[in-house]
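The values are calculated or read from the model by the stated rules, or taken from the named source; none is laboratory data. Remember, it's a predicted structure, so these values are computed and weren't measured experimentally. Positions of Cβ are backbone-derived with ideal geometry, glycine not excepted, and every protein chain shown enters the neighbour counts.
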Amino acid sequence: MSTIQVEHISKNFGSQRAVDDVSFEVERGEIFGLLGPNGAGKTTTIRIILDLFKPDSGRVSLLGGAMTEDKKNRIGYMPEERGLYQDIQLERTLVYLATLKGLSKAEAKKRIDEYLVRFDLAEHRKKKIKELSKGMQQKAQLIITLVHKPELIVIDEPFAALDPVNTQMVKDLLREERSRGTTIVMCTHQMHQVEELCDRLVLINKGKSVLYGELNQIRRQYAGSDLNVRVIGTLPTDLPGVEQITANNGGHRLHLRQSSSPQAVLRSLVERGLQVEQFEIAVPTLDEIFIQVVTNPETAG
């Protein structure tokens, strides 16, 4: 059973349609990317899923049905905007917010202590929130999102303000959550993080779903006939069917004519006695696909 089922939801604010007939499903135990440019309708979609907004049409099934008070304690939500009490000490804030998710004060303090150590915040536990750096506040919000061990986690820009060390720590933590069956919906503009973490995704543009599916399948769908090639020695410039060669990450990107075949290029390299270290179809990055789909909607699959 899917953790989230979104069926043909739409939402208007006055004359503006923020979400327009969007449908997708999020499977249990996957990291799912909810993507789109600024103003595309992502936040509105999240708020509809979490029952903060009611759709004008369509329906959402969450954890097997409609939202209930009990289900709220089975969900962890981290919005992009920080919402911590600025004039209260970090530890006191975290323990209080954890008790709102159904934990006893003793259990909340025990779990908070463990997270403070893991997130390198233990020595800052008595500081007020406003005395913490933006990165520390981001980690504090992540703790509150995770501390009650939710079945579903919805996180908006989880890597904002984090340095590379803390970014890696958060990625490891999200993978751990996925491995124990937690469903994660991740909303971010950092496409390289999506490529590294997400199993599937939906891309929303101007309120509509324009891409949806398994990440690698989407990348293959947008792959052209270009090749990434690396050889020992000098790459010939007169390969059959190749109209342009450009440098690419220590190798070369070969742009083929429309009627050309990769097999003919490989055969020519072998026949010339070259040792081929890399030969692959050039699969576009998610950044490239994102730009193509958003700027040229007619190319969306």
Kindly list the number of the only condition in (1) part of a strand (DSSP E or B); (2) crowded, with 17+ Cβ neighbours inside 10 Å that fails for A247. (2)
Filter the range 150-163 for residues that are modelled with pLDDT under 95 and over 13 Å from the mean Cα position of the chain (by Cα) and give the result. A161, L162, D163
Name the residue that is nearest to I291 (Cα to Cα), counting only residues in the range 176-207 that are hydroxyl-bearing (S, T, Y) and in a loop (DSSP other than H, G, I, E, B). T188
Flag if L173 is touching a helix residue (DSSP H, G or I) at 6+ places or on another chain (Cβ under 7 Å), part of a helix (DSSP H, G or I) and hydrophobic (A, V, I, L, M, F, W, C): no
Here is a list: R230, R267. Which entry is among the basic types (K, R), in contact (Cβ under 8 Å) with a residue 40 or more places away in the chain and not in a loop (DSSP other than H, G, I, E, B)? R230
If you go through K134, K105, K126, the only one that is in the same structural domain as E80 (by TED's automatic domain parsing), modelled with pLDDT under 95 and not hydroxyl-bearing (S, T, Y) is K134
Pair list, Cβ under 8 Å, 6 or more apart: the range 54-67 residue at positive phi and touching a residue at least 60 places away in the same chain (Cβ under 8 Å), other residue surrounded by fewer than 16 Cβ atoms within 10 Å (Cβ to Cβ) and in a loop (DSSP other than H, G, I, E, B): G64/M1
Answer yes or no: is there a residue in the range 60-68 that is in contact with a helix residue (DSSP H, G or I) (Cβ under 9 Å, 6 or more places away or on another chain), in the same structural domain as D20 (by TED's automatic domain parsing), within 13 Å of Q137 (Cα to Cα) and not in a loop (DSSP other than H, G, I, E, B). no
So for the range 39-54 (the condition being surrounded by fewer than 19 Cβ atoms within 10 Å (Cβ to Cβ) and assigned to a strand (DSSP E or B)), does at least one residue qualify? no
Pairs, please: C-beta under 8 Å, at least 6 apart or cross-chain, first residue closer than 13 Å to I31 by Cα and in the range 144-166, second hydroxyl-bearing (S, T, Y) and part of a strand (DSSP E or B)? E151/T183; L152/T183; I153/Y77; I153/T183; V154/Y77; I155/Y77
Quick one: in the range 65-120, which of the residues that are buried (at least 16 other Cβ atoms within 10 Å of the Cβ) and of a type in the set (F, W, Y) is nearest to E131 (Cα to Cα)? F119
In this structure, is V210 under 17 Å from the mean Cα position of the chain (by Cα), assigned by TED's automatic domain parsing to the domain that holds G29 and assigned to a strand (DSSP E or B)? yes
